[in-house]
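These notes are about the structure you will find just below.
The values are calculated or read from the model by the stated rules, or taken from the named source; none is laboratory data. These numbers were taken from a predicted model, which means no experiment stands behind them. Counting neighbours? That spans all protein chains shown, and the Cβs are built from the backbone with ideal geometry, glycine included.
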Amino acid sequence: MDNTNLITAFIQARMSSSRFPGKVLTPFLGRPLISHVIDAVQTVHLIDQTVVVTSDEPSDDPLVDYLDSIGCDVFRGPLDDVFGRFLAAMKRFPSDWVLRLCADSPLLSPNVLNEVCRHAMPDANWDIVTTRFAPKYPKGQNAELIRADAMKSIDAEHLTDHDREHVTPWFYRHRDQYRIANARGVTIDLAGGDYTVDTPDDLVRLEAMRSSTGNPSQTDEAT
């Protein structure tokens with residue numbers, strides 16, 4: 001990709017999930033759950049670098065050890081201020097665009113990521129590209145591409161706790177101030193439903209689905 005349009009994927013992850021502690025390292029089809037998200041990202045040629053953005057709490061030490069063992073970049077910051085964590089990570093890993101992803105989506109489709117990232121063209125004028133508006137992708141097939149300068153321009157003093165935890169609500173609440181695109185046009189064979197892992201039951205359900213039908217959301221490669 002043109003070096004004036006560098007895209008960095010930030011996968012936000014933590015071990016301290018209240019409903020499923022340690023889920024990001026829980027085996028999914030024989031490998032840690034987060035590894036499937038990393039694999040999906042790394043098949044998309046439009047993405048230049050991949051960083052797992054986690055907390056500086058001791059509970060996330062095992063996650064960092066695992067990421068170090070597979071050679072994945074990692075950044076640590078405040079547990080509850082994910083927005084602040086992203087801003088700090090952007091200083092360490094500067095880029096023109098940040099692709100925000102969650103680590104609890106093991107069936108994430110590279111095709112969805114490619115559709116979102118293709119909006120980062122040299123003449124792109126978007127501040128954020130999202131999958132949240134109709135026609136929506138299923139939960140667990142979501143991504144947000146944020147222009148780094150737009151995120152840096154937000155006055156953090158005005159953010160609510162909800163904004164800090166979820167990173168992007170400010171853009172949608174003030175959508176008249178930002179150029180927002182909704183990614184669409186990719187057909188994936190996962191209509192409806194919920195493909196995130198929030199609980200142990202979700203893990204069992206998605207493993208059973210993946211084992212019986214394969215992963216129709218995945219392709220060998222996305223360009």
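Here is how the numbers come out for the structure above:
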item	result
Failed criterion for Val197 (all others in (1) part of a strand (DSSP E or B); (2) in contact with a Lys or Arg (Cβ under 8 Å, 6 or more places away or on another chain); (3) among the hydrophobic types (A, V, I, L, M, F, W, C) hold)	(1)
In region 11-54, the residues that are in contact with a Leu (Cβ under 7 Å, 6 or more places away or on another chain) and aromatic (Phe, Trp, Tyr)	Phe28
Region 62-78, residues that are among the aliphatic types (A, V, I, L, M) and surrounded by fewer than 17 Cβ atoms within 10 Å (Cβ to Cβ)	Ile70
Phe10 being touching a Lys or Arg at 6+ places or on another chain (Cβ under 6 Å), crowded, with 19+ Cβ neighbours inside 10 Å and more than 27 Å from Leu206 (Cα to Cα)	no
Subset of region 68-109 (residues that are among the acidic types (Asp, Glu), outside any strand (DSSP E or B) and in contact (Cβ under 8 Å) with a residue 12 or more places away in the chain)	Asp80, Asp81, Asp96, Asp104
Qualifying positions in region 3-53 - assigned to a helix (DSSP H, G or I) and either hydrophobic (A, V, I, L, M, F, W, C) or closer than 22 Å to Arg92 by Cα (or both)	Val24, Leu25, Leu33, Ile34, Val37, Ile38, Ala40, Val41, Gln42
Which listed residue is in contact (Cβ under 8 Å) with a residue 12 or more places away in the chain and among the acidic types (Asp, Glu), from Asp155, Asp198, Asp123	Asp198
Leading residue by the ranking (farthest from Lys139 (Cα to Cα)) among those in region 200-223 that are modelled with pLDDT of 55 or more and assigned to a loop (DSSP other than H, G, I, E, B)	Gly214
Hits in region 123-175 (condition: part of a helix (DSSP H, G or I), among the hydrophobic types (A, V, I, L, M, F, W, C) and out of contact with any strand residue (DSSP E or B) (no Cβ under 8 Å at 6 or more places or on another chain))	Ala156, Trp170
Residue match in region 146-162 (condition: touching a Lys or Arg at 6+ places or on another chain (Cβ under 7 Å), under 20 Å from Asp48 (Cβ atoms), modelled with pLDDT of 95 or more and buried (at least 20 other Cβ atoms within 10 Å of the Cβ))	yes
Residue in region 83-97 that is crowded, with 18+ Cβ neighbours inside 10 Å and hydroxyl-bearing (Ser, Thr, Tyr) present	yes
